[in-house]
1. Quick one: what are the phi-derived ³J(HN,Hα) couplings along region 105-121, Karplus 6.51/-1.76/1.60 with θ = phi - 60°, whole Hz, x for glycine and proline?
2. For the chain, with all protein chains present and a 1.4 Å probe, just round the carbon and sulfur fraction of the accessible area to a whole percent.
3. Build a GNM of the chain with springs between Cα atoms under 10 Å: which of Asp109, Asp42, Asp219 gets the top mean-square fluctuation?
4. Accessible area per residue for region 226-330 in Å², computed with a 1.4 Å probe and the full protein assembly in place, what is it?
5. In terms of the ratio Rg/(2.2 N^0.38 Å) built on C-alpha atoms, what value belongs to the chain?
6. If R₀ is 56 angstrom, what is the calculated FRET efficiency for the pair Ala281 and Arg69, using the beta carbon separation as r and rounding to 0.05?
7. Note the full-extension length gain between Arg324 and Arg166 as 0.36 nm times their separation in residues minus their Cα-Cα distance, in nm to one decimal.
8. Restrict the search to region 1-93; then list the trypsin sites (Lys or Arg not before Pro) that DSSP places in a loop and that have at most 15 other Cβ atoms within 10 Å of their Cβ.
Amino acid sequence: MEPLAYARNTLQRGQPCCLLLVVAHSGSTPGRTGFRMVVGPDEVLVGSIGGGIMEHKLVEVARHQQRVRRPEILLKRQQHVADAPADRSGLICSGEQTVLVFPLDPLRDAAALAVVVAHMKARRAGTFSLTAAGFHPHPGAVLPGGRRFTPPSPDAADLAHLTAWRYDELFDPRQTVHIIGAGHVGLACCEVLHRLNFRLRLYDERPDLNTLYQNNFADEQIVGPYDELRTRIGATGPDHYAAIMTFGYRTDAIALRQLLDQPFRFLGLMGSTAKVARLFADLRAEGVSAETFARVQAPIGLPIHSQTPAEIAISVAAQLVQVRNAPAEE
């Protein structure tokens, strides 16, 4: 579960919890800006700020704040250097991260969390802000760059208790992967991509397919002819990806013809080099331009010599993460 969704549920039950949020990082560090964890009641932990002894120590700080009468909002600098003069994290990977320890109160923060989670679930963008005064949602507000931390004065001696800081984050909707083909590879891809926080729409034209019924990872399952894909998928854009992995050449060709002119951020096709070459030759004979073919990643997946459905899913997921995380200038 997304940590903010868990926090919302906990607060709505009238129970406090504590948000740990990486608000800044530099160098080699396991926790990067935006990583978050919620420390809940009954030893529940949801999410991560990087793991290891550092995470363990900050979880204990969060639990202490939950026990005291007046919990404090704290900023904790963590230096991953063994001989750092202060703020040593216990890790030795040479980077640094600043973690916000933010106790969440049912009366003060439940309504704000509910707004953010509702917008995330409905795929409506917005921004939330965290300050010493509390948690603030800004539905519809778009934040260039996605995240921004305004730190206290660098001359401050006691970072933990300062109040002149601000963190803003865009709660952008999950990016959508349209998986065309609900066979064994489609099932494996859904399992991996679900864990990587993609929204998954699964398509097949075989209503009695066993792997379709076994798939509990896709957000939606759409059953219908492949020659109606364009209509069934609807509007696409830079936050949409498509991966074609049907059961044969004929259906691959139908699906690809449906999607070639759509503005996906990524369009990939599973298949052998020989099958891809034949399909492209057929489409070229129909007048499809070389520029159009250049948009298609085929065969799909990073080249890791994958053989099994699980291995293919790893290669496909790695390629989609590579595209998702690419800097804007690329």
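1. Each residue's phi maps through the Karplus curve to give 10, x, 6, 7, 10, 4, 5, 5, 4, 4, 5, 4, 5, 4, 5, 4, 5 Hz.
2. For the chain, the apolar C and S fraction of the accessible surface comes to 53 percent.
3. Asp42
4. 52 Å²
5. 1.16
6. 0.15
7. Difference between extended and current length: 54.2 nm.
8. Arg13, Arg32, Arg69
The values are calculated or read from the model by the stated rules, or taken from the named source; none is laboratory data. This is a predicted model, so every value here is computed, not measured. Quick reminder, even Gly has a Cβ in these numbers, built from the backbone with ideal geometry, and neighbours come from all protein chains shown. The area values use the complete protein model at the heavy-atom level, side chains included, leaving out ligands, DNA and RNA. Shrake-Rupley method; radii C 1.70, N 1.55, O 1.52, S 1.80 Å.
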